[in-house]
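Student: Here you go, one structure.
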Amino acid sequence: MRYLKTTVCAVALMLCSTSAFARDLVMNANTSDPAQKLAMEELIADFEAAYPEIDVKFNLYDHEAFKVAMRNFLVSDAPDLITWNAGNRMKVFVDLGLLEDVSDVWQAEGLHEAMPAVVSASSVEGKQYGVPYAYYAWGFYYRKDLFEQAGITSTPTTWEEFLEVGAKLNAAGITPITIGTKDLWPTAGWFDFLNMRINGGEFHAQLMDGKVAYTDERVKRVFEKWAELVSADFFVENHPGYSFQEALPFMNQGKSAMYLLAPFIVSMFPDDVREQVEWFPFPVIDPAVGIYEDAPTDSFHIPKNATNKEDARLFLAFAAQADVQTKTAATLDMLPPNINASVKDDRFAQGGFAQLGQANGIMQFYDRDTDPALAKVGMEGFQEFMQNPDRIDAILQRIEAERERIYGAL
Amino acid sequence: MFPRPIQERSRSRQLMYKVALPISLIIWLLPMIAIVATAGRSLSDLNRGNYWGMPSEWAFIENFAKVFGSSSIGTYLLNSVIITLPSIAGALFLSTLAGAGLALYKFRGRFLILALFIAGNFVPFQILMIPVRQLTLDLGVYDTYWGVILFQIAFQTGFCTFFMRNFIAELPFELVEAARAEGVGEWQILVHIIVPLVRPALAALAVLQFTFIWNDFFWPLILIQSDELRPITLGLTVLKGQYISSFNLLAAGSLIAALPPVMMFFAMQKHFIAGLTLGASKG
């Protein structure tokens with residue numbers, strides 16, 4: 001046993017003495033979806049081809065593990081690059097002084113002009129702390145064949161049409177909307193869109209910043225509209241029992257027609273179903289209110305404690321190039337933030353791109369825009385509301401109590 | 001004797017037993033069956049919600065090939081071995097020494113020391129996260145095998161010492177006295193008398209520790225960053241996506257990861273049970 005120990009330890013020592021070569025670039029990432037993984041591997045391979053003297057060490061985590069590990073490695077032995085999300089999620093770490101100011105990269109590469117849509121999401125008090133590589137639109141993925149079966153000829157553009165589509169689908173024995181709320185966040189997509197369509201982007205931004213009470217009349221109006229859908233049996237039953245991925249089979253089996261979601265779902269439709277899937281944006285509720293969209297942005301950041309910041313900056317500049325962004329976003333089924341890059345020629349990417357192009361403003365997503373603790377309580381409330389709409393007053397009071405705890409009394 | 005052998009029961013009882021046993025066994029094993037079944041399905045089957053029916057195509061080999069192809073699972077397995085074996089050896093070595101010390105020598109405060117070892121087991125290990133991370137950084141063993149190995153040895157020694165101390169205390173003390181009367185040195189007593197006698201306890205502990213350390217996810221997550229140093233528990237999570245997961249690959253990977261502890265258990269089953277029930281029959 002002791003001999004074994006010595007041998008094993010010797011091997012171990014040899015293996016761990018290989019760190020710290022001059023031009024190692026360590027990147028820790030949470031991009032573990034199959035498409036994300038592929039996109040990152042390609043991006044790194046291209047970068048290494050362009051800079052042969054740099055060796056990228058890629059450490060991939062799943063998202064939940066990454067959240068735990070990140071809080072450890074950022075304050076201790078930080079990597080040179082991380083993947084994370086723009087908006088409030090980034091700001092949390094900026095406020096802790098853990099992310100590097102990369103405004104110089106933005107200046108040098110002219111990114112303010114090249115990526116106008118994501119400037120504000122990447123900025124805290126006028127300085128940029130990350131470089132986005134992809135963003136994406138949310139919207140309805142629906143099955144054309146099921147719509148036809150229910151006698152629906154065109155996609156809904158107004159709230160009335162949307163209710164009518166649901167009624168027709170229900171009459172044909174098809175549940176209009178599938179959703180899995182076990183992971184909570186799919187509910188937040190609904191809240192975001194309803195609030196932005198009813199109360200507009202400015203109000204939504206204020207609510208996300210904790211400047212409006214959740215017990216406000218305008219917030220209540222959002223839930224009145226939402227309750228119309230719940231009482232008209234729009235959603236699949238027992239949705240708190242399914243993760244968002246487990247709710248997808250209803251659509252693939254033809255039992256349900258629509259899913260309000262983002263492009264990472266596209267690769268999960270089996271080939272024959274994917275042929276029938278199309279995309280439409282969230283319908284207009286109040287024509288007087290502008291179009292605001294959720295467009296979550298994924299980006300690269302340099303930790304403050306990184307050792308090789310110089311090469312990390314090279315990587316940021318490389319990843320921001322138009323042709324690189326074209327390729328990365330296409331692999332991800334997402335959109336390139338660089339306006340000189342081209343959007344993948346497919347109906348989902350093009351549809352989302354067109355919708356974001358005509359939007360009056362974009363937000364990140366509920367759990368990326370507001371405080372993480374508030375987001376959790378809020379989304380638990382949304383989930384409960386979708387099961388028991390009559391409890392709305394108690395739910396809103398609970399969310400408001402959490403908002404007040406975090407952002408203070410109004 | 002309890003439980004009474006089923007043969008002594010009435011015919012109807014025996015019949016009930018024979019019917020109920022397979023049913024409860026299947027219910028008990030359902031999660032395991034689900035994992036095996038999922039490992040043999042294609043992703044499109046899962047996306048269609050075909051979890052329990054006949055798979056449209058058998059994808060066992062394909063899935064396992066993908067697990068080996070798309071992640072460095074071979075390296076992860078090797079890393080698990082590199083971390084687990086020295087940790088077990090270290091914990092057993094230290095706990096035998098400490099256990100013998102506490103059991104054989106009557107000195108003041110020995111109960112307090114034993115109580116400290118036991119109390120250590122009640123500390124929720126998560127609260128050690130930040131101090132341990134800082135310690136490994138200061139020692140220069142952060143993001144190396146050593147960081148995890150040293151911590152596992154330190155943490156597991158508490159339980160092992162408690163276990164070994166009780167086992168050694170059960171041994172007839174006359175053996176030690178006789179050896180001392182013959183003029184045998186204390187070290188010789190430990191090596192030639194105590195260790196051979198506690199071998200069953202060491203074997204049981206080794207199996208137990210193997211499953212503990214092999215299955216540990218938390219400490220490698222905190223103390224290791226580099227992909228090439230990760231053990232299998234950490235490596236497997238890479239198969240879990242940020243949004244979407246290939247459950248079939250996850251299931252296949254989990255089966256691979258679970259195999260060594262299961263094999264270890266079957267190989268050492270006798271010791272394992274003996275270890276768990278050690279002293280249990282004593283009145």
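The values are calculated or read from the model by the stated rules, or taken from the named source; none is laboratory data. Remember, it's a predicted structure, so these values are computed and weren't measured experimentally. Glycine gets a Cβ as well: all are built from the backbone with ideal geometry, and neighbour counts include every protein chain shown. Each accessible area value is taken on the protein alone, full model and side chains, heavy atoms only, with ligands, DNA and RNA left out. Shrake-Rupley method; radii C 1.70, N 1.55, O 1.52, S 1.80 Å.
Student: May I ask you to verify whether B:Val67 is on the phi < 0 side of the Ramachandran plot and surrounded by 16 or more Cβ atoms within 10 Å (Cβ to Cβ)? Quick ask: steps written out before the conclusion?
Tutor: Values: on the phi < 0 side of the Ramachandran plot: yes; surrounded by 16 or more Cβ atoms within 10 Å (Cβ to Cβ): yes.
Considered against the rule, which asks whether it is on the phi < 0 side of the Ramachandran plot and surrounded by 16 or more Cβ atoms within 10 Å (Cβ to Cβ), B:Val67 comes out as yes.
Student: Would you please name the residue that is nearest to the other protein chains (Cβ to nearest Cβ), looking only at residues in the stretch A:38-74 that are of a type in the set (D, E, K, R) and under 20 Å from A:Lys309 (Cβ atoms)? Give the derivation first.
Tutor: Narrowing the stretch A:38-74 to residues of a type in the set (D, E, K, R): A:41-42, A:46, A:48, A:53, A:55, A:57, A:62, A:64, A:67, A:71.
Of the ones still in play, those that are also under 20 Å from A:Lys309 (Cβ atoms) are A:48, A:53, A:55, A:57.
Working: A:Glu48: 16, A:Glu53: 20, A:Asp55: 12, A:Lys57: 7 Å.
Within the stretch A:38-74, the match that is nearest to the other protein chains (Cβ to nearest Cβ) is A:Lys57.
Student: Can you name the residue in the stretch B:115-132 that is among the aliphatic types (A, V, I, L, M) and within 12 Å of another protein chain (Cβ to nearest Cβ) and is also most open to solvent (accessible area, probe 1.4 Å) among such residues?
Tutor: Per the criteria, the residue is B:Ile130.
Student: A further question on this structure: Taking the stretch B:85-99 as the region of interest, how many residues are touching a residue at least 12 places away in the same chain (Cβ under 8 Å) and open to solvent by 70 Å² or more (accessible area, probe 1.4 Å)?
Tutor: Here the count works out to 1.
Student: Would you list the helices (runs of 4 or more DSSP H) that sit entirely within the stretch A:93-151 and hold 2 or more residues that are within 30 Å of A:Asp77 (Cβ to Cβ) and not aromatic (Phe, Trp, Tyr)? Walk me through it before giving the result.
Tutor: On the way: elements: A:103-109, A:111-114, A:119-122, A:144-149.
Answer list for the stretch A:93-151: A:103-109, A:119-122.
Student: How many residues, within the stretch B:174-201, are open to solvent by 30 Å² or more (accessible area, probe 1.4 Å) and within 28 Å of B:Asn121 (Cα to Cα)? Break it down into steps so the answer makes sense when it comes.
Tutor: From the stretch B:174-201, those open to solvent by 30 Å² or more (accessible area, probe 1.4 Å) are B:174-175, B:177-178, B:180-188, B:191-193, B:195-197, B:199-200; that's our starting set.
Then keep just the ones that are within 28 Å of B:Asn121 (Cα to Cα); that gives B:191, B:195-197, B:199-200.
Matching residues across the stretch B:174-201 total 6.
Student: Among the residues of the stretch A:255-274 satisfying the criterion of being open to solvent by 40 Å² or more (accessible area, probe 1.4 Å) and in a helix (DSSP H, G or I), which is modelled with the lowest pLDDT? Spell out the reasoning first.
Tutor: Of the residues in the stretch A:255-274, the ones open to solvent by 40 Å² or more (accessible area, probe 1.4 Å) are A:255, A:267, A:271-272, A:274.
If we keep only those that are in a helix (DSSP H, G or I) as well, we get A:267, A:271-272, A:274.
Details: A:Ser267: 85, A:Asp271: 90, A:Asp272: 92, A:Arg274: 92.
The residue in question is A:Ser267.
Student: Are any of the residues in the stretch B:244-260 under 30 Å from A:Lys37 (Cα atoms), within 18 Å of the chain's Cα centre (by Cα), open to solvent by 60 Å² or more (accessible area, probe 1.4 Å) and not assigned by TED's automatic domain parsing to the domain that holds B:Ser44? Please lay out each step first, then the result.
Tutor: The first filter runs over the stretch B:244-260 and keeps only residues under 30 Å from A:Lys37 (Cα atoms), leaving B:244-260.
Pick out the ones that are also within 18 Å of the chain's Cα centre (by Cα) and you get B:254-260.
Still in the running and open to solvent by 60 Å² or more (accessible area, probe 1.4 Å): B:259.
Subset that is not assigned by TED's automatic domain parsing to the domain that holds B:Ser44: B:259.
Yes, the stretch B:244-260 contains a residue that is under 30 Å from A:Lys37 (Cα atoms), within 18 Å of the chain's Cα centre (by Cα), open to solvent by 60 Å² or more (accessible area, probe 1.4 Å) and not assigned by TED's automatic domain parsing to the domain that holds B:Ser44.
Student: A follow-up question, please. Looking only at the stretch A:278-291, decide whether some residue is surrounded by 21 or more Cβ atoms within 10 Å (Cβ to Cβ) and in a helix (DSSP H, G or I).
Tutor: For the stretch A:278-291, residues surrounded by 21 or more Cβ atoms within 10 Å (Cβ to Cβ) and in a helix (DSSP H, G or I): absent.
Student: Working only within the stretch A:75-103, note down all residues that are farther than 24 Å from A:Asp55 by Cβ and within 14 Å of another protein chain (Cβ to nearest Cβ).
Tutor: A:Val75, A:Asn85, A:Arg89 - these are the residues of the stretch A:75-103 that are farther than 24 Å from A:Asp55 by Cβ and within 14 Å of another protein chain (Cβ to nearest Cβ).
Student: Still on this structure, please answer the following. Quickly run through the stretch A:244-254 and pick out the residues that are at the interface with chain B (Cβ under 9 Å from one of its Cβ atoms), in a loop (DSSP other than H, G, I, E, B) and touching a Pro at 6+ places or on another chain (Cβ under 9 Å).
Tutor: Within the stretch A:244-254, A:Phe244 is the sole residue that qualifies.
Student: Condition first: away from every other protein chain (no Cβ under 14 Å) and within 17 Å of B:Ala251 (Cα to Cα). Now tell me which residues in the stretch B:16-43 satisfy that.
Tutor: Initially, the stretch B:16-43 is screened for residues away from every other protein chain (no Cβ under 14 Å), giving B:16-33, B:35-37, B:39-40.
Passing the criteria: B:Leu29, B:Leu30, B:Pro31, B:Met32, B:Ile33, B:Ile35, B:Val36, B:Ala37, B:Ala39, B:Gly40.
Student: Report every pair of residues separated by at least 6 positions or lying on different chains whose Cβ atoms are under 8 Å apart, first residue within the stretch B:111-123 and among the β-branched types (Val, Ile, Thr), second open to solvent by 50 Å² or more (accessible area, probe 1.4 Å) and in a helix (DSSP H, G or I).
Tutor: Within 8 Å, the pairs are B:Ile118/B:Phe162.
Student: Going through A:Asp294, A:Asp333 one at a time, which residue ends up being on the phi > 0 side of the Ramachandran plot and either surrounded by fewer than 22 Cβ atoms within 10 Å (Cβ to Cβ) or of a type in the set (Asp, Glu) (or both)? Spell out how you get there, then give the answer.
Tutor: Working: A:Asp294 fails: on the phi > 0 side of the Ramachandran plot.
The unique qualifying residue is A:Asp333.
Student: When you look at A:Phe318, is it assigned to a loop (DSSP other than H, G, I, E, B), touching a Phe, Trp or Tyr at 6+ places or on another chain (Cβ under 8 Å), of a type outside the set (D, E, K, R) and open to solvent by less than 50 Å² (accessible area, probe 1.4 Å), yes or no?
Tutor: no
Student: Any idea which residue in the stretch B:44-70 is nearest to the other protein chains (Cβ to nearest Cβ), counting only those that are touching a residue at least 60 places away in the same chain (Cβ under 8 Å) and in contact with a Leu (Cβ under 8 Å, 6 or more places away or on another chain)?
Tutor: B:Ser70
Student: Hey, another quick one. Scan the stretch A:151-168 for residues that are among the small types (Gly, Ala, Ser) and exposed (fewer than 13 other Cβ atoms within 10 Å of the Cβ) and report the count. Outline the logic, then answer.
Tutor: Just the residues of the stretch A:151-168 that are among the small types (Gly, Ala, Ser), to begin with: A:151, A:154, A:166-167.
After this cut, where a residue has to be exposed (fewer than 13 other Cβ atoms within 10 Å of the Cβ) as well, the list is A:151, A:154.
Of the residues in the stretch A:151-168, 2 are among the small types (Gly, Ala, Ser) and exposed (fewer than 13 other Cβ atoms within 10 Å of the Cβ).
Student: Here are some conditions: (1) within 14 Å of chain B (Cβ to nearest Cβ); (2) open to solvent by 10 Å² or more (accessible area, probe 1.4 Å). A:Pro303 meets all but one. Which one does it not meet?
Tutor: (2)
Student: Then there is this: Give all pairs with beta carbons closer than 8 Å in which a residue from the stretch A:258-279 that is more than 13 Å from chain B (Cβ to nearest Cβ) meets a residue that is among the β-branched types (Val, Ile, Thr) and open to solvent by less than 10 Å² (accessible area, probe 1.4 Å); count only pairs at least 6 apart in sequence or on separate chains.
Tutor: From the stretch A:258-279, the pairs are A:Met258/A:Ile177; A:Met258/A:Thr178; A:Leu260/A:Ile177; A:Leu260/A:Ile179.
Student: Scan the stretch A:55-73 residue by residue and report those that are outside any strand (DSSP E or B) and crowded, with 18+ Cβ neighbours inside 10 Å. Give the derivation first.
Tutor: Initially, the stretch A:55-73 is screened for residues outside any strand (DSSP E or B), giving A:61-73.
If the condition is that a residue be outside any strand (DSSP E or B) and crowded, with 18+ Cβ neighbours inside 10 Å, then A:Tyr61, A:Asp62, A:Ala65, A:Phe66, A:Ala69, A:Met70, A:Asn72, A:Phe73 are the ones that fit.
Student: Which of (1) open to solvent by 20 Å² or more (accessible area, probe 1.4 Å); (2) closer than 30 Å to A:Tyr407 by Cβ is the odd one out, the single condition A:Met386 does not satisfy?
Tutor: So A:Met386 meets the others, but not (1).
Student: Turning to a different aspect of this structure: Residues of the stretch B:100-114 being open to solvent by 50 Å² or more (accessible area, probe 1.4 Å) and within 26 Å of the chain's Cα centre (by Cα), which ones? Write out each step before concluding.
Tutor: First, pick out the residues of the stretch B:100-114 that are open to solvent by 50 Å² or more (accessible area, probe 1.4 Å): B:105-108, B:110-113.
Scanning the stretch B:100-114 gives a single hit, B:Ile113.
Student: Okay, moving on. When you look at A:Pro132, is it away from every other protein chain (no Cβ under 14 Å) and surrounded by 24 or more Cβ atoms within 10 Å (Cβ to Cβ), yes or no?
Tutor: Working: away from every other protein chain (no Cβ under 14 Å): yes; surrounded by 24 or more Cβ atoms within 10 Å (Cβ to Cβ): yes.
Criteria met by A:Pro132.
Student: Of the residues that make up the stretch B:75-87, is at least one under 20 Å from the mean Cα position of the chain (by Cα), away from chain A (no Cβ under 13 Å) and either among the charged types (D, E, K, R) or closer than 27 Å to B:Ala257 by Cβ (or both)?
Tutor: Yes, because at least one residue in the stretch B:75-87 is under 20 Å from the mean Cα position of the chain (by Cα), away from chain A (no Cβ under 13 Å) and either among the charged types (D, E, K, R) or closer than 27 Å to B:Ala257 by Cβ (or both).
Student: Return yes or no: is A:Val230 closer than 27 Å to A:Glu400 by Cα, in the same structural domain as A:Ile399 (by TED's automatic domain parsing), touching a Lys or Arg at 6+ places or on another chain (Cβ under 9 Å) and open to solvent by 20 Å² or more (accessible area, probe 1.4 Å)?
Tutor: On the way: closer than 27 Å to A:Glu400 by Cα: yes; in the same structural domain as A:Ile399 (by TED's automatic domain parsing): yes; touching a Lys or Arg at 6+ places or on another chain (Cβ under 9 Å): no; open to solvent by 20 Å² or more (accessible area, probe 1.4 Å): yes.
Answer is no for this residue.
Student: Determine if the stretch A:48-58 includes at least one residue that is without any contact (Cβ under 8 Å) to a residue 24 or more places away in the chain and within 21 Å of A:Gln325 (Cβ to Cβ).
Tutor: Taking the stretch A:48-58 first, the residues without any contact (Cβ under 8 Å) to a residue 24 or more places away in the chain are A:48-49, A:52.
Within this subset, residues satisfying the condition of being within 21 Å of A:Gln325 (Cβ to Cβ) are A:48-49.
Yes: one or more hits.
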